[in-house]
Amino acid sequence: QVQLVESGGGLVPPGGSLRISCAASGSIFRLATMGWYRQAPGKQRELVATISSSGSTNYIDSVKGRFTISRDNAKNTTYLQMNSLKLEDTAVYYCNAQVWRSMYSLPTLFWGQGTQVTVSS
C-alpha cells in the first residue's frame, strides 16, 4: 500500500508564510505528477498547484507569485511554500500523487488526509 502524509499546517497571520510537506511511503516504484489541492468550508476542493516528475509546475491564478511547489524525488516528498498568505487561503490542504507501483503497472492516484491551514489575525 501507499501512504501520503501531509504536515506543517497551522495558524498564520495575514501576510505570513508557511511551508507544508507531503511525504509518500510504501510500495512505490516511481512517483509521477504530484499536486496540492485545498478545500475551504462550504466550497468544493480545488487544485492549487502541480509538479511533474521532471519539475514542470502549474498554479491556479490566485496563488501565482505567492506559492511555490517543489519536490525532492529522493525523499518522495513534495512541498508547498506559501507566502503573502491571505484570509481566503484558509482551507484544508491535500496532496495527491500518481504512483507507479511497478514498472509493469499503470499509475494509481493516492491522496493524503489533509492538513489545516488557517490564516487569521
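The numbers here are math on the coordinates, done by the rules we state, and not lab data. Since we're looking at a predicted model, the values are computed, not measured. Because the Cβ atoms are built from the backbone with ideal geometry, glycine has one as well, and the counts that use them run over all protein chains shown.
Assorted remarks:
- Point-to-point label distance, residue 83-residue 113, nm (Cα→Cβ direction, 7 Å offset): 3.2
- Cβ-Cβ FRET estimate between residue 28 and residue 120, R0 fixed at 41 Å, reported to 0.05: 0.70
- In this calculation the C-beta distance from residue 2 to residue 56 is compared with R0 = 25 Å, giving a FRET efficiency of 0.65.
- Computed label-point distance, nm, for sites residue 104 and residue 17 using a 7 Å Cα→Cβ extension: 4.7
- Note on the chain: GNM, Cα springs under 10 Å; of 44, 81, 98, the largest mean-square fluctuation is that of 44.
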